[in-house]
1. Quick check on my filter: what residues within the stretch 189-200 are open to solvent by 70 Å² or more (accessible area, probe 1.4 Å), more than 17 Å from Tyr250 (Cβ to Cβ) and part of a helix (DSSP H, G or I)?
2. Check Ser160 against each of (1) farther than 18 Å from Val26 by Cα; (2) of a type in the set (Ser, Thr, Tyr); (3) modelled with pLDDT under 95 and name the one condition it does not meet.
3. Just one of (1) of a type in the set (Ser, Thr, Tyr); (2) under 19 Å from the mean Cα position of the chain (by Cα); (3) at pLDDT 95 or above trips up Tyr86, so point out which.
4. Please verify whether Gly41 is at pLDDT 95 or above and over 14 Å from the mean Cα position of the chain (by Cα), treating the condition exactly as stated.
5. Taking interchain pairs and intrachain pairs at least six residues apart, which have beta carbon atoms under 8 angstrom, with the first residue in the stretch 56-74 and modelled with pLDDT of 95 or more and the second among the charged types (D, E, K, R)?
6. Could you tell me whether the stretch 131-138 includes any residue that is open to solvent by 50 Å² or more (accessible area, probe 1.4 Å), modelled with pLDDT under 95 and under 21 Å from Gly16 (Cα atoms)?
7. Would you check if there is a residue in the stretch 73-81 being more than 22 Å from Val48 (Cβ to Cβ) and touching a helix residue (DSSP H, G or I) at 6+ places or on another chain (Cβ under 9 Å)?
8. State all residues of the stretch 108-117 that are surrounded by fewer than 21 Cβ atoms within 10 Å (Cβ to Cβ) and either in contact with a Lys or Arg (Cβ under 7 Å, 6 or more places away or on another chain) or aliphatic (A, V, I, L, M) (or both); if no residue qualifies, say none.
Amino acid sequence: MKVGFIGAGKVGCSLGDYFVCNGISVAGFYSRTQAKACGAGNNKRTHVNSIDKLLTMCDVLFLTVPDDAISDVWEQIRTLPMKGKYICHCSGSLSSAVLSGVKEAGAYGYSVHPMFPFKSKETAYEDLKQALFTVEGDEDHIDDLVSLISSCGNPVVKISSDHKAAYHAASVFGSNLMIGLMNQATELLCQCGFKTEEAMKALKPLAMTNLYNFFEVGSVDALTGPVERHDIKTIEKHLEAFDTTQKETYRALTKEIIKIAEKKHPEVSYEDMKQILEEEK
């Protein structure tokens, strides 16, 4: 199966380079500028000057454009001959339903999402081997796409369109929101007199070790700290030190941690701690 891309940003270029490295034939890229598609250095990419030509060259077409452009791009190409083609987008939150009328066009529609942060379109492909992919769409041919991605050695999970929003929210909790959380931790240390670089250096072993423990032994066994110890006085001192935004974040996450602590220490009642958090509304 030959693969083509509309859009030559970080996701499209990274996927294309990754497929090539794993023996999958990439027909080329269509983008508004040839230079953007071709790239530089060792990542030479074939620019195709029209979408209809690209469609004739590939079996699988990826629409690697921003989420809010997927529908518009699809509307531009849906009248082109595409019988038997696999049309895919890479949005984590949108389902294949955004490709309205794809079955009537004789094609098969899918959302294919790598659970991975694309930092650079020139180097991100080197680490894509670690990513899990989810595939959602036309059930009759979905195994063909699963096989294509699995041939690269990546784990692939089929999900339903009903679960796309929750799936993407989980991805955001595990990536973007963690950045926000670490930013708040850094700001708090800066309030204590740390320089930003010092704060980040101090937090790194703490954060990385806790994440490692979480993935090694799970949330219950990895949990430490004042909530797990049922240290109410420390929680109260924390709440006194925060501004409104920090307090809101702390309250929400502490409530989540209490759920874990209750599993770890079923003999302990955390109701008094829950009450303190409610009083801080």
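The values are calculated or read from the model by the stated rules, or taken from the named source; none is laboratory data. Note that the coordinates shown come from a computational prediction; the quantities given were computed from them, not determined experimentally. Here Cβ is always computed from backbone atoms with ideal geometry, including for glycine, and neighbour counts include all displayed protein chains. Note: areas computed on protein heavy atoms with side chains; ligands, DNA, RNA excluded. Shrake-Rupley method; radii C 1.70, N 1.55, O 1.52, S 1.80 Å.
1. Within the stretch 189-200, Glu197, Glu198, Met200 meet the criteria.
2. The one condition Ser160 does not meet is (3).
3. Condition (2) is where Tyr86 drops out.
4. So Gly41 does not fit the description; no.
5. Correct list of pairs: Met57/Lys2; Cys58/Lys2; Cys58/Lys85; Asp59/Lys2; Asp59/Lys85; Val60/Lys2; Val60/Lys85; Leu61/Lys85.
6. no
7. No, that holds for no residue.
8. Across the stretch 108-117, the qualifying residue is only Met115.
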